[in-house]
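This report refers to the structure that appears directly beneath it.
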Amino acid sequence: MLVTNRDLLRAARRGKYAVGAFNINNMEFLQAITGAAEELSSPVIIAISEGAIKYAGFANVVGMVHLAAKERAAPISLHLDHGKDMETIAACIEGGFTSVMIDGSALPFEENVAVTKKVVEMAASKGVSVEGELGKLAGIEDNVSVAERDAALTDPAQAEEFVRRTGVDALAIAVGTSHGAYKFKGEPKLALDRIGDIAGRVPCLLVLHGASGVKRENVEIANRFGASIKGARGVPDDAIVEAIDRGIAKVNIDTDMRIAFTAYVRKALAEKPEEIDPRKILGPGRDAIREVVKEKIRLFRSEGKAK
Ligand code: G3H
Ligand code: 13P
Ligand code: ZN
């Protein structure tokens, strides 16, 4: 069943859980994620970046996800992640996505409001839901001043104005997380109290990007088989639980799946140097992604929430 983020996330807030948004670039990632969702009766959001569309092809992406939604006994949303190009956003709205993100976070506030409002207008007639972003996804460093730190984090009053003026369904906020495997130099520092402050002021659904945990186990397996992932650090599980308790409804995960896939593909290649069957090489990577997604579904408390 293909649904919108709006529907999934409203139900999540009512039920005090969050829905995972998992990035894909190919068939194996999609099968792993939707397989995990079906197994645990959980809704999931399939997130596609502009880079993923370029890599896999628009028609492949839309076709694969629509088919998965028809076959899997789980509610699935097809979401454009970090949309920046208006032509791509329009193609997604017209071409079968149920949700789009317009990421104007690098723009000055007024320009971010203007582009985001435009996307909300474009999406309205198709019933497609819209996520905007306010704030900078950057780690909180020790050596920056309070003023610099506050400039990166989402300001609650500004968030209120942004949501009122744009009419977005969902808002990605900056509370100290960042994309990728290297989120913190030392101990993780997050401004989770901001989530509650923002949730108290805006009527829309809140999104946490850069939420991968970067578990040591898969990093070690990848490194044992030839990777060089050093000093990687992610968001602790208890911070994710606290973020959901304070009002986050959508949690974005890409890096943890990438690390798991890399670890187990490398392992397969290293242990069977004679192997040339792609199914024997990519299969273990696919199984490892499925385990990651099951862990996340349990962490986000969305298990059993498929209706
Ligand atoms: O936040 C971005 C996602 O991890 C997707 O990354 O632009 O490399 O596809 P990408
Ligand atoms: P991670 O890099 O922490 O997995 O975050 C992914 C993300 O925010 C995609 O939009
Ligand atoms: Zn992101």
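The values are calculated or read from the model by the stated rules, or taken from the named source; none is laboratory data. As the structure is a prediction and not an experimental result, all values here were calculated from the model. Cβ coordinates were reconstructed from backbone atoms using ideal geometry, including for glycine residues, and neighbour counts include every protein chain displayed. Accessible surface areas use protein heavy atoms only, side chains included; no ligands, DNA or RNA. Shrake-Rupley method; radii C 1.70, N 1.55, O 1.52, S 1.80 Å.
Answer yes if at least one residue in region 231-243 is within 16 Å of ligand 3 (Cβ to nearest atom), more than 19 Å from Arg298 (Cα to Cα), touching a residue at least 12 places away in the same chain (Cβ under 8 Å) and under 17 Å from the mean Cα position of the chain (by Cα), and no otherwise.
For region 231-243, residues within 16 Å of ligand 3 (Cβ to nearest atom), more than 19 Å from Arg298 (Cα to Cα), touching a residue at least 12 places away in the same chain (Cβ under 8 Å) and under 17 Å from the mean Cα position of the chain (by Cα): absent.
Do any helices (runs of 4 or more DSSP H) lying entirely in region 1-117 carry at least 3 residues that are within 16 Å of ligand 1 (Cβ to nearest atom), and which ones are they?
Correct list: 27-39, 50-56, 58-71, 86-94.
Which one of these is surrounded by 14 or more Cβ atoms within 10 Å (Cβ to Cβ), under 28 Å from Lys185 (Cβ atoms) and modelled with pLDDT of 95 or more: Glu133, Glu141?
Just a single option satisfies the conditions, and that option is Glu133.
Cβ-Cβ under 8 Å, sequence separation 6+ or interchain: first residue in region 12-24 and over 18 Å from Met64 (Cβ atoms) and away from ligand 2 (no atom under 11 Å from the Cβ), partner in a strand (DSSP E or B) and open to solvent by 10 Å² or more (accessible area, probe 1.4 Å). Which pairs?
Partner pairs satisfying both residue conditions: Ala12/Leu205; Arg13/Leu205.
Here's the yes/no breakdown for (1) within 12 Å of ligand 2 (Cβ to nearest atom); (2) open to solvent by less than 10 Å² (accessible area, probe 1.4 Å):
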{"position": "Tyr182", "(1), (2)": "yes, no"}
{"position": "Lys185", "(1), (2)": "no, no"}
{"position": "Leu190", "(1), (2)": "no, no"}
{"position": "Arg201", "(1), (2)": "no, no"}
{"position": "Ala211", "(1), (2)": "yes, yes"}
{"position": "Val214", "(1), (2)": "yes, no"}
{"position": "Ile221", "(1), (2)": "no, no"}
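Can you pull out the residues in region 18-52 that are aromatic (Phe, Trp, Tyr) and open to solvent by less than 10 Å² (accessible area, probe 1.4 Å)?
Phe22, the sole residue that qualifies.
Which ones in region 37-55 are within 16 Å of ligand 2 (Cβ to nearest atom), among the small types (Gly, Ala, Ser) and touching a helix residue (DSSP H, G or I) at 6+ places or on another chain (Cβ under 8 Å)?
Ala52
In region 211-266, what residues are within 15 Å of Phe184 (Cβ to Cβ) and away from ligand 1 (no atom under 16 Å from the Cβ)?
Listed by number, the residues that qualify are Lys215, Arg216, Val219, Lys230, Gly231, Arg233, Pro236, Asp237, Asp238, Ala239, Ile240.
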